[in-house]
Amino acid sequence: MKRWICVVAVVCLVSLFVRPAVCGAAEKYEPKWESLDSRPTPSWWVDAKFGIFIHWGVYAVPAWSVRGQYSEWYWNNITNDRAKNGPWWQYHKKTYGEDFPYGEFAPSFKAELYDPNQWAEVFLRSGAKYVVATSKHHDGYCMWPSQEANRSWGRPWNSVDIGPGRDLLGELTTAVRAKGLRMGIYYSLYEWYNPLWLADRALFVEKHTFPQFKDVVTRYKPEVIFSDGEWDMPSKDWRSEELLAWLVNESPVKDSVVINDRWGQDCRHKHGGYFTTEYGAGLASGAHPWEENRGMGFSYGYSRTEPLADYRSARELILMLIDIVSRGGNLLLDIGPAADGTIPVIMEERLVQIGDWLKVNGEAIYGTRNWKRTTQWTEGKRPEVGYGKEFMAKYDIAELTGKPTADKAVIEAFFTTKDDTLYVITPRWPGEKLVVKDIAVSSNTTVTMLGAAQSIRWDRLGSDLTIQVPALSVDDVPCQYAYVFKITGVK
């Protein structure tokens, strides 16, 4: 007996010295924003820079919106439009009849051509490093076999029990990870017309949100949580601090998961691992991780009312990515698959075009940070509202990156940096010379062009660096849309 007491004593004594080294990386976070906000955003996400957003659900059956609006809000908008006979309700009444409820779309959501492996291959070709798929939008329909959904709605309301008869989220998670990409989920906290939400919000949070959220996280181990639908209540009423403490202390992804800032009406740009902007202006720098999320057109979900003119070109999307990364942000670019499970061809084409550019120039994007300035402009009159706001709000690429005039400045270059290397990204072919202003270099500095084999001469005059741009034939130009000059030895 005494021998066992001695052994236990020795083990306990050793543990006093060993535990700090073992547990130092596993800090326990309190269910308080002050503690939760002290958690560093996992570096994999900050380095990734480019992700794919997916909005797919029952709303893909009507696949309709007033042009310029979100198709995934179909149920809410036809409901609100009914009394005033607005355009959403007029379309629904004419096409499906005024007695056709939204829930009747679910059997037609068949996903009969859905091939998650083909989706994952497209995402890999795009150059994206992570995928964030809708697990549940504001209509409450779940893309996995959620029993909480069935219970609270009092009917089958998930993709296994009505509609496709498949675990859509689970299949995609497996396929995406097989390609070496990170997998995340979008999860709406609220549901427009859930009977429990309408009857008792506190009970909805306790009996529905908490067990459902823990179920989807435990099943699929998502490494990004894009929360949404938070704006009706403060985070205290959502009990977000309590839920997030479970996520970062106890869940299977506690060490790698990345969370956004949508956990209550008091949270955006105040709390969370990364801040979000939506079809917006983005943020000025990477002082706090941030992400711009948007579709290729005006809607997240697929909308049949969007013509080609509403879709951003490959050049616009690539320059959008460059601009966002130059300011320290990430781009989460959305696709809206059709109800049959196919990715619209124009969306697939855009992703492949971005991927082709990143194959050559990804070094200037992945793992980079923003430099002391984000852009260099020509001489001339700059936009009065400021570069960031105007460019990000409208992305008038032709105007801001086109040909300079006597009274108007345009962008000559974007900048990203990594260690002692500066990447100078030009939104057009720079001509015979490219002058980089206000840069300190060393005697060992080298200049190369990503994707080109030719050596590049450079000269220094005061604080400026002049790059002698190589004369390349059409066959030798390494890519389209934007060109990257790599300068090493930058002080």
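The values are calculated or read from the model by the stated rules, or taken from the named source; none is laboratory data. All figures in this text were calculated on a predicted structure; none of them were measured in a lab. Heads up, the Cβs are rebuilt from the backbone with ideal geometry, glycines too, and the neighbour counts pull from every protein chain shown.
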For this session: Output the number of residues of the range 459-469 satisfying the condition of being over 36 Å from the mean Cα position of the chain (by Cα) and either assigned to a loop (DSSP other than H, G, I, E, B) or buried (at least 17 other Cβ atoms within 10 Å of the Cβ) (or both).
Result: 2
Exercise. Which one is nearest to residue 433 (Cα to Cα) among residues in the range 470-487 that are of a type outside the set (A, V, I, L, M) and over 30 Å from the mean Cα position of the chain (by Cα)?
Worked result: 470
Exercise. Does the range 137-148 include one or more residues that are part of a helix (DSSP H, G or I), assigned by TED's automatic domain parsing to the domain that holds residue 295 and touching a helix residue (DSSP H, G or I) at 6+ places or on another chain (Cβ under 6 Å)?
Worked result: yes
Exercise. What is the residue count in the range 278-315 for residues that are in contact with a His (Cβ under 9 Å, 6 or more places away or on another chain), crowded, with 19+ Cβ neighbours inside 10 Å and at pLDDT 95 or above?
Worked result: 6
For this session: Any chance you could count how many residues in the range 330-367 are under 17 Å from the mean Cα position of the chain (by Cα), part of a loop (DSSP other than H, G, I, E, B) and within 19 Å of residue 129 (Cα to Cα)?
Result: 4
Exercise. Any idea which of (1) touching a helix residue (DSSP H, G or I) at 6+ places or on another chain (Cβ under 7 Å); (2) surrounded by fewer than 16 Cβ atoms within 10 Å (Cβ to Cβ) is the one residue 474 doesn't satisfy?
Worked result: (1)
Exercise. Out of the range 426-479, which residues are of a type in the set (D, E, K, R) and closer than 20 Å to residue 411 by Cβ?
Worked result: 428, 432, 433, 437, 438, 464
Problem set entry | Residue that is farthest from residue 275 (Cα to Cα) [pool: residues in the range 196-232 that are aliphatic (A, V, I, L, M) and either free of Cβ contacts under 8 Å to residues at least 12 places away in the same chain or not assigned by TED's automatic domain parsing to the domain that holds residue 54 (or both)] | 199
Problem set entry | Residues of the range 377-414 satisfying the condition of being modelled with pLDDT of 70 or more and among the charged types (D, E, K, R) | 379, 381, 382, 399, 403, 407, 408, 412
Problem set entry | Unmet criterion (only one of (1) in contact with a Pro (Cβ under 7 Å, 6 or more places away or on another chain); (2) closer than 27 Å to residue 45 by Cα) for residue 160 | (2)
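Every residue, every condition in (1) surrounded by fewer than 21 Cβ atoms within 10 Å (Cβ to Cβ); (2) in contact with a Cys (Cβ under 9 Å, 6 or more places away or on another chain), yes or no:
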residue: 81; (1), (2): yes, no
residue: 96; (1), (2): yes, no
residue: 127; (1), (2): no, no
residue: 135; (1), (2): no, yes
residue: 185; (1), (2): no, no
For this session: Check whether at least one residue in the range 66-88 is among the charged types (D, E, K, R), more than 22 Å from the chain's Cα centre (by Cα) and within 30 Å of residue 321 (Cβ to Cβ), and report yes or no.
Result: yes
